Amino acid sequence: MKQGAIWVRPFYYLVVFMVATISLYPVLLMILSSFKKSVDIYKNPLGLPTSFSLETYRTLLSKIPFTTYFLNSLFVSVVSVVLIVVVCSLASFYIARFQFSWNHALFFIFLLGMMIPIKLGIVPLFILMRDLGLINSLWSLILMNMATGIPLSMLILTGFFKTMPYELEEAARIDGAGNLRVLWHVVLPLMRPALGTVVIINFIAAWNDFFFPLIFITEKMKRTIPVGMMSLFGEHSADWGSLFAGLTLASLPMILLFFIASKQFMEGLTAGAIK
């Protein structure tokens, strides 16, 4: 090892430690604040709790139907991600592996969803959902999540498909496997990095979505967490202790998902950088 590298490495570790501390500090502050009363948060917002109590969590569950909001958000996010993965896996496999004259045009149509801000069409979208009878239905949110998530997912999966060798698929076809069996048994197991990236990106987007649930859902028991927790804000004050408790509970699924699929997520982001 060169002599200069010995002195540079501690500097790198110091920089990484500072970046990690800056990144994790808001999360730590949120968790610590969830154990503090609103009065303590106003008096000492950056300090440690004087005593650790679950009173804020009990207050949260008594003020709003948080469990119902949590299950609504979980249903919308999981179903949206599953449908996006199924649709995009089939479509990207078709575009990447079958050469037809309309492949590039079809791929461009999918990518148009990234170029056009969907929120600009909220009025016709609301009319469409009303005519379909999907106002106050969680399926309206699922359809909107699919509409916003499919373009980027198609870009990721199609690019990953094109980097995979054809020889594995040809070997499976020689053994008599059809297209769906090749996709399910051969291709998809090799696409875990790209699939992990798609799952994490779309789950976080669906879980944190505030705009569409605010527009399409008016019934209290159909709300998701971001909209449901708005009731903790009063006209002149807010219950910050319960709010931080709700944010902590709402963050657990995303933190758990990222820990499970973080390796695939990082590999999916760097896939194709080096061939």
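The values are calculated or read from the model by the stated rules, or taken from the named source; none is laboratory data. Model, not experiment: these values are computed from the prediction. Neighbour counts are summed over all protein chains in view; Cβ atoms, including those assigned to glycine, are modelled from backbone coordinates with ideal geometry. Protein only, heavy atoms only, side chains kept; ligands, DNA and RNA dropped before computing areas. Shrake-Rupley method; radii C 1.70, N 1.55, O 1.52, S 1.80 Å.
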Exercise for review: Provide the per-residue ³J(HN,Hα) series for region 71-84, in order, calculated from phi with Karplus coefficients 6.51, -1.76, 1.60 and θ = phi - 60°, each as a whole number of Hz, with x at glycine and proline positions.
Suggested key: 5, 4, 5, 5, 4, 4, 5, 5, 5, 4, 5, 4, 5, 5
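Is region 1-144 rounded, prolate or oblate when judged by the Cα gyration tensor, a ≥ b ≥ c being the square roots of its eigenvalues, rounded requiring a/c under 1.5 and prolate requiring a/b larger than b/c? Before the final figure, lay out the partial values.
Details: a/c = 3.02, a/b = 1.25, b/c = 2.41.
Verdict is oblate for region 1-144.
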Review point. How much accessible surface area, in Å² rounded to 10, belongs to the heavy atoms of ILE255 with a 1.4 Å probe?
Key: 70 Å²
Study note, to complete from the structure: From DSSP H assignment alone, runs of 4+ in the chain each adding -39500 (n - 2.57), the sum over residues rounded to the nearest 500 puts [θ] at 222 nm at -23500 deg cm²/dmol
Review point. Restricting attention to region 152-243, which GluC sites (Glu not before Pro) occupy a DSSP loop and are surrounded by at most 11 other Cβ atoms within 10 Å?
Key: GLU219, GLU235
Check your understanding: Exactly which trypsin sites (Lys or Arg not before Pro) in region 1-110 are in a DSSP loop and have at most 16 other Cβ atoms within 10 Å?
Key -> LYS2
Point to revise | Inter-label distance, nm, simple model (7 Å from Cα along the C-beta direction), LEU74/ILE109 | key: 3.8 nm
Practice item. Using a 10 angstrom cutoff on alpha carbons, build the Gaussian network for the chain and name the most mobile of VAL86, VAL187, VAL227. Key: VAL86
**Study point:** For the chain, accessible area per residue (1.4 Å probe, heavy atoms of protein chains only), Å²
**Key:** 60 Å²
Practice item. Pick out which of PRO65, PRO226, PRO45 has the largest mean-square fluctuation in a Gaussian network model of the chain, springs linking Cα atoms closer than 10 Å. Key: PRO45
Check your understanding: Probe 1.4 Å, all protein chains in place: accessible area of LEU143 in Å², nearest 10?
Key -> 80 Å²
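State whether region 1-78 is rounded, prolate or oblate according to the following rule on the C-alpha gyration tensor (a ≥ b ≥ c being the square roots of its eigenvalues): a/c under 1.5 gives rounded; otherwise a/b larger than b/c gives prolate, and the remaining case gives oblate.
Values: a/c = 5.06, a/b = 1.91, b/c = 2.66.
Since a/c reaches 1.5 but b/c is at least a/b, the shape of region 1-78 is classed as oblate.
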Review point. How large, in percent, is the carbon and sulfur part of the accessible surface of region 64-232 at a probe radius of 1.4 Å?
Key: 72 percent
Review point. Going through region 50-133, which chymotrypsin sites (Phe, Trp or Tyr not before Pro) have at most 11 other Cβ atoms within 10 Å and a DSSP loop state?
Key: PHE52, PHE98, PHE100, TRP102
Study note, to complete from the structure: Classified through the alpha carbon gyration tensor (a ≥ b ≥ c as square roots of its eigenvalues; rounded if a/c is under 1.5, else prolate when a/b is larger than b/c, else oblate), the chain comes out oblate
